[in-house]
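All remarks here apply to the structure that follows.
The values are calculated or read from the model by the stated rules, or taken from the named source; none is laboratory data. All figures in this text were calculated on a predicted structure; none of them were measured in a lab. Neighbour counts are summed over all protein chains in view; Cβ atoms, including those assigned to glycine, are modelled from backbone coordinates with ideal geometry.
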Ligand code: ADP
């Protein structure tokens, strides 16, 4: 039940009346659970055929590699990229439904954050060489946290930096330690974000409504998931940005 209202009190705070509404929200909750279950089930069902399409593409790529046919190579590599995009999306939906049903559990371990940043950059470079990435990994940053999930946050910052900035521009990645916290920053020279949207971009399904990015695909769940992951590490996530002048996405967590 959801009870909203005002308690009317007499002298010495003694309650005399309650004015307000009582709403039965069990149906709303049931709807939420049904929706959540549907997303989980549909995403799960889509995973199997996608994995199979991906392996067929790989088999074809291997078989046809000897032919040196640029057209075929290009078509297969494009198909592979699209399959990877869909796979990421499905993983996002699965994470979302896990999160909303309270099943997103952390598996903390001790690891070097800079190594993780390096791995995430290497993974990004498997799918694109469109940007110049600048990263100084000369120091070790030992931190305890869920490496895989934090890697997802970094991966999300990086893929957004690529998506929302022009080819050939710079993306800078770094980590700093202050007062027992490690702060990771990913800076791009892209479209930037208006001040009024700085908080909203971390909301579920929120996408900035702008002409410049209307052709960029996405569902507005990456930063929402990132925020949940960072918050479950008792950390902070935020963005500094000016429209038209690039953005820096940050997260910080206790060491
Ligand atoms: P998606 O990119 O799939 O839409 P996200 O949750 O990752 O979802 O991002 C939410 C929104 O925040 C994006 O739709 C975009 O409008 C904005 N955004 C995220 N990263 C950047 C960035 N680096 N530069 C400009 N806008 C960004």
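Miscellaneous remarks
- Selection of region 123-144 for residues being under 17 Å from the mean Cα position of the chain (by Cα) and either crowded, with 19+ Cβ neighbours inside 10 Å or within 16 Å of the ligand (Cβ to nearest atom) (or both) yields only 124.
- Being in contact (Cβ under 8 Å) with a residue 60 or more places away in the chain and outside any loop (DSSP other than H, G, I, E, B) is a condition met by no residue of region 64-76.
- Region 205-224 residues that are under 18 Å from residue 237 (Cβ atoms), paired with ones that are loosely packed, with under 15 Cβ neighbours inside 10 Å (beta carbon under 7 Å, 6 or more apart): 205/219; 206/200; 220/205; 221/205; 224/203
- Checked against the criteria, residue 104 does not count as in a helix (DSSP H, G or I) and either crowded, with 16+ Cβ neighbours inside 10 Å or touching a helix residue (DSSP H, G or I) at 6+ places or on another chain (Cβ under 9 Å) (or both).
- Test: residue in region 159-177 that is surrounded by fewer than 17 Cβ atoms within 10 Å (Cβ to Cβ) and within 17 Å of the chain's Cα centre (by Cα): yes
- The residues of region 193-221 that are within 6 Å of the ligand (Cβ to nearest atom) and modelled with pLDDT of 95 or more, listed by number, are 193, 201.
- Region 145-158 - residue that is under 13 Å from the mean Cα position of the chain (by Cα) and in contact (Cβ under 8 Å) with a residue 40 or more places away in the chain and, of those, surrounded by the fewest Cβ atoms within 10 Å (Cβ to Cβ): 148
- Complete set of residues in region 178-191 that are more than 6 Å from the ligand (Cβ to nearest atom) and under 18 Å from the mean Cα position of the chain (by Cα): 183, 184, 185, 186, 187
- Residue in region 69-76 that is touching a helix residue (DSSP H, G or I) at 6+ places or on another chain (Cβ under 6 Å) and farther than 30 Å from residue 143 by Cβ present: yes
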